[in-house]
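Okay, so here's the structure we're looking at.
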Amino acid sequence: MTNHTDRDNARKLLEELANIPLEQPPSTASAAPVLPPLSQPFSSADDAALWVHQHEREGDREYGALVLLCPDGKYVATTPIEGEATSFDLERLLAYNRETRTISHPQGYRCVGRYHSHPEYAEQTARAHPRYSAEQVKLHLALPSTGDLDIAFKHVDVFKNNYISSDDGSLVGYSIKPQYASGYAGFGLGSTPESKIRRIVTIGQLRVLDSGTVWGGFTGPITADWVLPGSAGQ
Ligand SMILES: [Zn+2]
């Protein structure tokens with residue numbers, strides 16, 4: 001029954017999208033990019049993100065991918081592709097109209113998630129945050145940056161799920177509740193990874209899909225009272 005409803009909803013969404021004209025003036029919209037090869041179908045967006053996470057990555061740059069909803073209610077991911085040292089340009093995967101600031105979904109799919117990886121950046125992070133413990137440096141790199149949160153805020157209607165892999169093997173998924181997405185993404189994040197986590201779970205959701213060497217073996221949803229296993233909290 002649930003599967004049926006999911007399928008119907010997905011089909012309805014795709015029908016709606018089919019009615020949106022794709023042609024846009026070349027000056028304001030990027031052409032629809034050719035998507036990298038897709039994964040096999042998965043029953044959840046998180047499983048599709050885990051598939052992306054398991055790919056080999058070079059440690060010195062970011063990688064990006066999309067999670068897409070298919071007409072049959074299943075999810076696929078695009079094979080991750082290399083970006084820059086500290087950024088990944090989503091326009092390599094999605095057509096974006098800079099004038100209206102709207103994203104066009106890839107034809108035949110609905111984009112429901114974006115993935116990017118954070119490269120090895122521990123030394124620079126420790127230098128920028130001299131009071132962080134080694135564990136906090138790892139946490140910092142496993143979490144969305146303020147810029148990442150800004151994209152999640154601005155495109156809350158498209159990116160129901162946001163995923164980040166870190167070089168320490170962590171994979172987290174996070175989402176922002178639409179009613180909180182109109183403000184400034186940097187507000188209330190505090191000055192530690194723990195305070196940022198508390199803010200994210202207040203305005204949305206954060207879940208650990210792969211603990212790596214970051215989350216003390218924990219996987220699952222993070223709650224506001226979460227403390228790093230083995231730490232005294234703060
Ligand atoms: Zn990032």
Name, by its number, the condition in (1) farther than 25 Å from Thr102 by Cα; (2) part of a loop (DSSP other than H, G, I, E, B) that does not hold for Gln136. (2)
Kindly evaluate Gln136 against the criterion of being surrounded by 19 or more Cβ atoms within 10 Å (Cβ to Cβ), over 14 Å from Pro33 (Cβ atoms), assigned by TED's automatic domain parsing to the domain that holds Ile164 and out of contact with any strand residue (DSSP E or B) (no Cβ under 9 Å at 6 or more places or on another chain). yes
Does Tyr115 meet the test of being closer than 16 Å to Ile103 by Cβ, outside any loop (DSSP other than H, G, I, E, B) and in contact (Cβ under 8 Å) with a residue 60 or more places away in the chain? yes
Residue by residue through the stretch 168-188, note down the ones that are in a loop (DSSP other than H, G, I, E, B) and out of contact with any helix residue (DSSP H, G or I) (no Cβ under 7 Å at 6 or more places or on another chain). Gly169, Ser182, Gly183, Tyr184, Phe187
Is one or more of the residues making up the stretch 177-187 out of contact with any Leu (no Cβ under 6 Å at 6 or more places or on another chain) and either at positive phi or in contact (Cβ under 8 Å) with a residue 40 or more places away in the chain (or both)? yes
With criteria (1) of a type in the set (Val, Ile, Thr); (2) farther than 19 Å from Asp47 by Cα; (3) more than 14 Å from the ligand (Cβ to nearest atom), Thr146 comes up short on (3)
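Condition check ((1) under 30 Å from Leu139 (Cα atoms); (2) outside any loop (DSSP other than H, G, I, E, B); (3) not assigned by TED's automatic domain parsing to the domain that holds Val214) across all residues:
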| residue | (1), (2), (3) |
| --- | --- |
| Ser87 | yes, no, yes |
| Tyr96 | no, yes, yes |
| Thr100 | no, no, yes |
| Gln107 | no, no, yes |
| Cys111 | yes, yes, yes |
| Glu123 | yes, yes, no |
When the residues of the stretch 27-70 are filtered to those that are surrounded by fewer than 15 Cβ atoms within 10 Å (Cβ to Cβ) and among the β-branched types (Val, Ile, Thr), which remaining residue is nearest to Asp168 (Cα to Cα)? Val34
Among (1) at pLDDT 90 or above; (2) over 26 Å from Asp210 (Cα atoms) - the single one Gly83 does not satisfy: (2)
Identify the single condition in (1) modelled with pLDDT under 95; (2) hydroxyl-bearing (Ser, Thr, Tyr); (3) touching a Phe, Trp or Tyr at 6+ places or on another chain (Cβ under 8 Å) that Tyr163 does not satisfy, given that it satisfies every other one. (1)
Counting only residues in the stretch 149-167 that are in a loop (DSSP other than H, G, I, E, B) and more than 14 Å from the ligand (Cβ to nearest atom), the one nearest to Asp210 (Cα to Cα) is identified as Lys160
Inspect the stretch 191-200 for any residue being away from the ligand (no atom under 16 Å from the Cβ), of a type outside the set (D, E, K, R) and free of Cβ contacts under 8 Å to residues at least 12 places away in the same chain and give the result as yes or no. yes
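The values are calculated or read from the model by the stated rules, or taken from the named source; none is laboratory data. Everything numeric here is computed off the predicted structure, so don't read it as measured data. Glycine gets a Cβ as well: all are built from the backbone with ideal geometry, and neighbour counts include every protein chain shown.
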